[in-house]
Amino acid sequence: ACTGIENIDEAITLLEQNNWDLVAAINGVIPQENGILQSEYGGETLHGPAYGPTSHSTAASTPSSSSAFRHVVPSRQIVERQPRMLDFRVEYRDRNVDVVLEDSSAVGDIKHILENELQIPASKMLLKGWKTGDVDDSTVLKSLHLPKNNSLYVLTPDLPPPSSSHSGALQESLNQNFMLIVTHREVQREYNLNFSGSSTIQEVKRNVYDLTSIPVRHQLWEGWPPSATDDSMTLAASGLTFPCHRLTVGRRSSPVQTREQSEEQCTDVHMVSDSDGDDFEDATEFGVDDGEMFGVASSALRKSPMMPENAENEGDALLQFTAEFSSRYGDCHPVYFIGSLEAAFQEAFYGKARDRKLLAIYLHHDESVLTNVFCSQMLCAESIVSYLSQNFITWAWDMTKEANRARFLTMCTRHFGSVVAQTIRTQKTDQFPLFLIIMGKRSSNEVLNVIQGNTTVDELMMRLMAAMEIFSAQQQEDIKDEDEREARENVKREQDEAYRISLEADRAKREAQEREMAEQFRLEQIRKEQEEEREAIRLSLEQSLPPEPKEESTESVSKLRIRTPSGEFFERRFLASSKLQVVFDFVASKGYPWEEYKLLGTFPRRDVTQLDPNKSLLEVKLYPQETLFLEAKE
């Protein structure tokens with residue numbers, strides 16, 4: 001508009017020579033006396049393009065709401081055409097190849113470079129990712145009007161995929177990037193979105209909501225694989241085609257309008273169309289619609305209000321607001337938060353300090369002459385939409401109806417105080433729309449800025465950025481405080497955990513000691529009982545023994561000498577007619593029961609305990625005397 005340059009290649013070359021500095025590029029081709037233009041709004045000097053009302057505009061509006069470039073046709077310097085270099089990042093399975101070519105090269109040249117890098121014949125490659133339609137190997141890159149940086153991917157349907165186990169393939173898919181080509185059905189627009197294999201279907205739908213303003217619950221999809229039955233499923237497990245998959249999304253159909261409503265709308269459209277078209281050519285350039293040229297508010301031509309009156313649910317009211325806003329001004333607009341104002345506060349202010357955002361409240365008014373300009377030129381500008389999406393939670397309300405206005409003022413008094421509510425209450429209709437910038441603090445919510453509708457895109461952006469600077473400083477302090485608090489809490493948790501582990505260790509040690517003492521006591525009791533039992537048996541056997549015969553006895557007497565395992569000896573005389581059991585009882589009465597010990601003879605060596613205990617000593621040849629040895633049984 002300033003330089004009169006129509007050739008896009010020449011424009012891109014100039015921008016690249018000036019390192020993409022727009023003002024420097026413009027002043028480079030405009031003579032110095034024309035390159036420094038004077039502003040008509042205060043006499044200050046503006047470098048580059050100047051803004052101001054055109055001389056033939058008859059619309060009555062403020063300078064900020066109706067502006068255009070002053071067209072300058074200067075003499076231009078002759079610029080030598082230098083080759084423009086294009087960067088391509090080409091993805092094939094798990095590899096990325098960077099290719100740099102002049103824009104005079106053909107698509108086939110890219111394939112020849114990839115053939116050497118990937119070791120794949122060029123004839124087997126399908127090079128995908130072009131923004132335009134039909135592209136073959138002979139297509140010249142310059143004719144595609146490509147940006148400097150481009151992303152492409154290679155498909156090889158004729159080549160078999162590398163073999164691997166199912167689990168290994170799934171793990172590999174989780175680490176891969178899927179390109180989803182999503183077509184917005186209503187506006188016939190494509191979005192190329194890259195997602196990792198670990199992303200879920202729900203995350204894809206939420207991102208599409210940010211782009212299309214179609215809430216997840218209102219999205220109607222085509223193209224998902226039959227296996228993608230759950231929104232929590234990852235893309236790697238959903239069965240999508242790698243590396244590229246096409247999907248289509250649209251909005252679920254709303255109730256059909258009545259025939260009378262359709263006829264009324266058609267009548268209005270014909271009424272405007274039959275008017276003299278020349279009267280409106282310049283009006284649209286300044287954002288003034290047909291109704292305003294006749295002094296009729298544009299809202300009178302629209303049958304649907306932005307927001308229902310006396311809506312019980314704020315979320316439903318915001319859904320209608322978003323749908324009506326899209327139908328009036330297009331799909332490129334801020335993503336409005338669907339929910340109550342309290343929920344918007346919760347989303348913006350009460351998360352972790354790193355995740356907090358500013359809250360922007362847009363107050364709409366259909367009867368203001370500034371509404372159309374503000375919405376179409378400022379609020380729907382891509383730079384404003386992008387900046388709001390990254391740094392703000394945007395909530396909206398319609399102030400056209402008195403009931404909705406009173407409801408918002410009540411909410412405003414409750415959350416911001418009576419001063420802010422009174423400020424909004426005193427705003428005149430022609431000062432709307434309003435844009436409130438809110439920052440959450442520990443004790444209260446602070447209104448940083450109230451932006452009126454009579455502004456420009458640059459001024460709106462500057463005020464948003466100024467609010468963001470204040471918020472960023474506060475956010476850094478909050479992050480520091482939160483990190484210190486978390487560090488203290490972590491130390492306390494670690495100390496509590498160490499104390500708990502110490503208590504558990506002490507309790508376990510004490511319980512082990514108690515169990516050990518109880519076991520020792522039980523074993524001691526058993527030992528005592530066994531000793532008492534043995535002693536009782538010994539005394540009983542000792543009392544049951546027949547008296548020892550005297551040496552001068554007239555009966556045959558056998559004298560036995562018994563050696564204990566400890567080396568001691570004890571002797572006793574027995575009648576030769578006594579049974580062998582009497583000897584066993586005698587030995588047991590000395591503490592050596594025959595169940596635990598055996599008696600061994602010397603010559604010949606034999607185990608006496610294996611003999612019949614009912615035989616006499618004479619029969620077992622323990623007469624007239626014998627030396628026996630006691631030995632513990634194994």
Residues being more than 25 Å from residue 325 (Cα to Cα) and assigned to a strand (DSSP E or B) - total across the stretch 194-219
4
Suppose we keep only residues that are free of Cβ contacts under 8 Å to residues at least 60 places away in the same chain and assigned to a loop (DSSP other than H, G, I, E, B) within the stretch 615-633. Which one would you say is most open to solvent (accessible area, probe 1.4 Å)?
621
Show the residue pairs meeting these rules: Cβ distance below 6 Å; 6+ apart or different chains; first residue within the stretch 344-372 and crowded, with 20+ Cβ neighbours inside 10 Å; second residue hydroxyl-bearing (Ser, Thr, Tyr) and in a loop (DSSP other than H, G, I, E, B).
365/400; 366/400; 370/65
Looking only at the stretch 240-267, which residues are out of contact with any helix residue (DSSP H, G or I) (no Cβ under 7 Å at 6 or more places or on another chain), of a type outside the set (Ser, Thr, Tyr) and at pLDDT 85 or above?
240, 244, 245, 246, 247, 250
Looking at 215, 226 in this structure, which one is surrounded by 16 or more Cβ atoms within 10 Å (Cβ to Cβ) and not β-branched (Val, Ile, Thr)?
215
Within the stretch 558-586, of all residues that are surrounded by 16 or more Cβ atoms within 10 Å (Cβ to Cβ) and of a type in the set (Phe, Trp, Tyr), the one nearest to residue 547 (Cα to Cα) is 574
Every residue in the stretch 417-443 that is in contact with a helix residue (DSSP H, G or I) (Cβ under 8 Å, 6 or more places away or on another chain), over 23 Å from residue 380 (Cα atoms) and assigned to a loop (DSSP other than H, G, I, E, B), please.
441
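Every residue, every condition in (1) in contact with a Ser or Thr (Cβ under 6 Å, 6 or more places away or on another chain); (2) modelled with pLDDT of 90 or more; (3) buried (at least 16 other Cβ atoms within 10 Å of the Cβ), yes or no:
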site: 428; (1), (2), (3): no, no, no
site: 444; (1), (2), (3): no, no, no
site: 454; (1), (2), (3): yes, no, yes
site: 473; (1), (2), (3): no, no, no
site: 508; (1), (2), (3): no, yes, no
site: 535; (1), (2), (3): no, no, no
site: 539; (1), (2), (3): no, no, no
Does the stretch 392-415 contain any residue that is in contact with a Cys (Cβ under 8 Å, 6 or more places away or on another chain), assigned by the TED database to the domain that holds residue 484 and at pLDDT 85 or above?
no
Considering each of 383, 376, 368 in turn, give the residue that is farther than 24 Å from residue 339 by Cβ, assigned to a loop (DSSP other than H, G, I, E, B) and small (Gly, Ala, Ser).
368
Can you tell me which of 585, 612 is in a helix (DSSP H, G or I) and either touching a Cys at 6+ places or on another chain (Cβ under 9 Å) or among the acidic types (Asp, Glu) (or both)?
585
Does residue 598 satisfy being within 26 Å of residue 537 (Cα to Cα), assigned by the TED database to the domain that holds residue 569 and open to solvent by 80 Å² or more (accessible area, probe 1.4 Å)?
no
Restricting attention to the stretch 83-98, which residues are over 13 Å from residue 141 (Cα atoms) and surrounded by 18 or more Cβ atoms within 10 Å (Cβ to Cβ)?
90, 91, 92
Looking only at the stretch 482-489, decide whether some residue is in contact with a Ser or Thr (Cβ under 9 Å, 6 or more places away or on another chain) and not in a strand (DSSP E or B).
no
Which of the numbered conditions does residue 306 fail, given that it passes all the others? Conditions: (1) open to solvent by 10 Å² or more (accessible area, probe 1.4 Å); (2) in a loop (DSSP other than H, G, I, E, B).
(1)
With (1) closer than 15 Å to residue 445 by Cβ; (2) part of a helix (DSSP H, G or I); (3) modelled with pLDDT of 85 or more as the list, and residue 360 as the residue in question, which single condition is left unmet?
(2)
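The values are calculated or read from the model by the stated rules, or taken from the named source; none is laboratory data. Just so it is clear, the structure is predicted and the values come from calculations on it, not from any experiment. Here the Cβ is made from the backbone with ideal geometry for all residues, glycine too, and neighbour counts use every protein chain on show. With ligands, DNA and RNA removed, areas are computed over all heavy atoms of the protein, side chains included. Shrake-Rupley method; radii C 1.70, N 1.55, O 1.52, S 1.80 Å.
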